[in-house]
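Below is one structure, written out as structure tokens; the observations come after it.
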Amino acid sequence: MEVGLVALLRLTLVAAILPIILASLRLRPFHQTILGLAKRGKTMHPSSSKFTVPQRFFSHFYMVGTLWTTLLLLTTWLYACTAGSTSSTIFALHKSHRVWRAVFLLWLMEAQVLRRLYESLYVFHYRPLARMHIFGYFIGMSYYIVASLSLCCTCAPEVFEFTLDLVSEGRKQWQPLEVIGGNRSPLWLGWKQWVGSAIFLWGWIHQLRCHAILGSMRAGGEEYVIPKGDWFEIVSSPHYLAEIVIYVGLLIASGGADITIWLLLAFVVTNLGFAAAETQKWYIGKFEDYPKHRYAMIPFIF
């Protein structure tokens, strides 16, 4: 089951990455198709209302993401408390560390989706006419299901079986949780987890700041203005850059051995890179005095 789940997640991510890469290379019909599906908000013409939903539905992504990530976090955390508790073998300890790493990654993702949910509800002020394609809406709805599951995919099948047993057998399964009060430290953090979490926090804070800037601009009126402050001084889409930094942190915190998380990062980079290129094009066309030194998303590269 584990191999099947991992393979399915990897296949899903590859299937999502390839069309975006082909579209970024300006290969028709990929470019026009992906461009039409990806447009939203200011990059979507107001008359393009067919097969669209209000952009304020963005909050649905994070509602689903929060519920799903919380469920995975709680069940994986409960399972982690039992992993290796009945044996002190090297295999059992390795398994315990692997599961606890998944718990750590899910805690980081929980911090991300909760903040994004708050921002979508209270920081961003979506314009009444702002729309997004319904295909992009369903992709967004499913993204955090795939993303959070990718962070714990190596132990997810075991967690699912444990959860089913927990539900079916009741309190019998709670006995191993006594290990929490024991002498063994449940959460093992190596240097990769510390470095990864520091990079995650760096990106998390800058995305918070950049979203606050965008939110304050949208609250000020209907006219678009050139955003300024924080990473907006060097790139046009710093909130996308911060998102990439966040996922680089998750990758490092995972230990970097899981191809699934590499593919997750690749999807984030290609997807946001494509969106950043279109945003840069829109800014340049909208403002004659737009700063020429600003890159689209990654300083000195793109």
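Please list Tyr62, Tyr295 from largest to smallest accessible area, probe radius 1.4 Å, with all protein chains kept in place.
Tyr295, Tyr62
When ranked by the protection proxy of mean other Cβ atoms within 10 Å per residue, highest first, what sequence do the peptides 255-267, 104-116 form?
104-116, 255-267
Relative to the present Cα-Cα distance, how much length would full extension add between Ile234 and Leu129 at 0.36 nm per residue of separation?
Between Ile234 and Leu129, full extension yields an extra 34.9 nm.
Measure off 7 Å from each Cα along the Cα-to-Cβ vector at Arg28 and Trp191, then give the distance between these two points in nanometres to one decimal.
5.3
Do any trypsin sites (Lys or Arg not before Pro) in the stretch 209-302 lie in a DSSP loop with no more than 14 other beta carbon atoms within 10 Å, and if so, which?
Lys228, Lys292
Which length gain, in nm to one decimal place, applies between Tyr118 and Tyr224 when the Cα-Cα distance is subtracted from 0.36 nm times their residue separation?
In short, 35.9 nm is gained.
If the viscosity is 0.890 mPa s and the temperature 25 °C, what translational diffusion coefficient in µm²/s does Stokes-Einstein give for the stretch 114-169 when Rh comes from Kirkwood over Cα pairs?
D, rounded to a whole number, is 170 µm²/s.
Tell me the carbon and sulfur percent of the accessible area for the stretch 246-302, rounded to whole percent, probe radius 1.4 Å.
67
Net charge near Gln207: determine it from the other residues with C-beta under 15 Å of the C-beta of Gln207, scoring Lys and Arg +1 and Asp and Glu -1.
Net of charged neighbours comes to 0.
The values are calculated or read from the model by the stated rules, or taken from the named source; none is laboratory data. Predicted model, so just to flag it, every value in this text is computed and none were measured. Note that we place each Cβ from the backbone using ideal geometry, even for glycine, and neighbour counts take in every protein chain shown. With ligands, DNA and RNA removed, areas are computed over all heavy atoms of the protein, side chains included. Shrake-Rupley method; radii C 1.70, N 1.55, O 1.52, S 1.80 Å.
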